[in-house]
1. Just to make sure I understand: if all protein chains stay in place, what is the order of Thr123, Thr317, Thr66 by accessible area at 1.4 Å, largest first?
2. Can you work out the base-10 log of I(q)/I(0) for the chain at q = 0.06, 0.13, 0.14 1/Å, using the Debye formula on its C-alpha atoms alone?
3. Just by accessible area at a 1.4 angstrom probe, what is the order of Arg101, Arg288 from largest to smallest?
4. Heavy atoms of the protein only, probe of 1.4 Å, neighbouring chains included. What is the accessible area of Phe277 in Å², nearest 10?
5. Most mobile of Asp38, Asp213, Asp62 per a Gaussian network model of the chain (Cα springs, under 10 Å)?
6. So how long is each side of segment 1-119 along the principal axes, counting just the alpha-carbon atoms, biggest first, in Å?
7. Determine which lysines satisfy two conditions relative to Lys246: a Cα distance under 24 Å, and not lying fewer than 8 residues away in the same chain.
8. Over segment 166-266, average the accessible area per residue using a 1.4 Å probe and give it in Å², no decimals.
Amino acid sequence: MNVFDVKKYPLGNFPTPLERMSNLEKYLGVPNLFIKRDDLNGLGLAGNKVRKLEYLVQDAMDQGCTALLTYGGPQTNHGRLTVAAAVKCGMKAILILDEERPDYCSGNLILVELMGADLYFTTADPKQKAREVMAEYEKRGEKVYEIAPGGSSEIGALGYFFMMQELGRQLKEQDIHPRYLVASSGSLGTFSGMWLGAKYFNVGLEVVPVAVDPLASCREVPAADLINRTSKKYGLGLTCTPEELKINLSYAGLGYNIPDADTQEAMRILASTEAIFVDPCYTGKSFRGYLDLLQNVFAHGDGAIYLHTGGIPAIWTKEHLDSMQDMFWNKTR
């Protein structure tokens, strides 16, 4: 299939802004710093999953599906935006959440409840739970479209494949020439799409993925697999090996969704210089990486873009609010 023939359902406001961070430049003493604001793309408090969901929702509609089902932890951003996409399209939304039901409802859980999602918590195999749930919905006359965690599939990766075309146009329009593009890496669909798009559209950026989970070892293997499957499916003519990819694990903190002071400090720096917020689970970690790489790895002045992939509701989850009390509230003023 020709990649330019693939249809998408419009869910977001694009192109998203590409902005200079002049206050951060002064704070760090480093020039040519930019941010791509995919946190501002409009749907359901926004985030990177919107670009993927435009293609996934269209595929679901083409198949005559009436419900979207996906997976994640209780605070999944992808789940929140899948529910938002279902609401916009008049479809049912089903989330399979791979932990016990929390005693306290906060963050993304509040938002998906407000939007009317059907939630199923499980400590067993989420795939098995999904099969049971899908069978029940099909008995009721629903046709369920299953979306991989993070929307990370060949069709989902097209969202960030085409984002690189958008970004390349913005770089030309603004006549700026940064060398690096730093972004969070979780389920790998965003990174895989960007890697392909950077090569295919000859954007001239080195994509630097920062892992949000310190246990995500050997992620280069599934990333290369997704890149190669996507390229083959859409005839892009690109291939890679795991050895060509490097996913940075240095800034993932103590564990997935576990509060840590270094991430909180990175959040503070961006908020106090640019009035832009990143979250403690995803973007705070990759922005911490962005700060360190700028000062200790990247050549001074080469220029770097930070891709803001959203995730803001994680700030208002109970575990992170509790953790930030001492740093921001219980200190002597």
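The values are calculated or read from the model by the stated rules, or taken from the named source; none is laboratory data. These numbers were taken from a predicted model, which means no experiment stands behind them. Quick note on the areas: whole protein, heavy atoms, side chains included, nothing else; ligands and nucleic acids left out. Shrake-Rupley method; radii C 1.70, N 1.55, O 1.52, S 1.80 Å.
1. On the way: Thr123 110, Thr317 0, Thr66 55 Å².
Result, largest first: Thr123, Thr66, Thr317.
2. -0.20, -0.98, -1.14
3. Numbers: Arg101 170, Arg288 55 Å².
The most accessible residue leads, giving Arg101, Arg288.
4. Surface open to solvent at Phe277 totals about 120 Å².
5. Between Asp38, Asp213, Asp62, it is Asp62 that shows the largest mean-square fluctuation.
6. Largest to smallest, the principal-axis extents are 51, 47, 21 Å.
7. Lys36, Lys49, Lys52, Lys199, Lys232, Lys233, Lys285
8. Values: 4740 Å² over 101 residues.
Accessible area per residue, segment 166-266: 47 Å².
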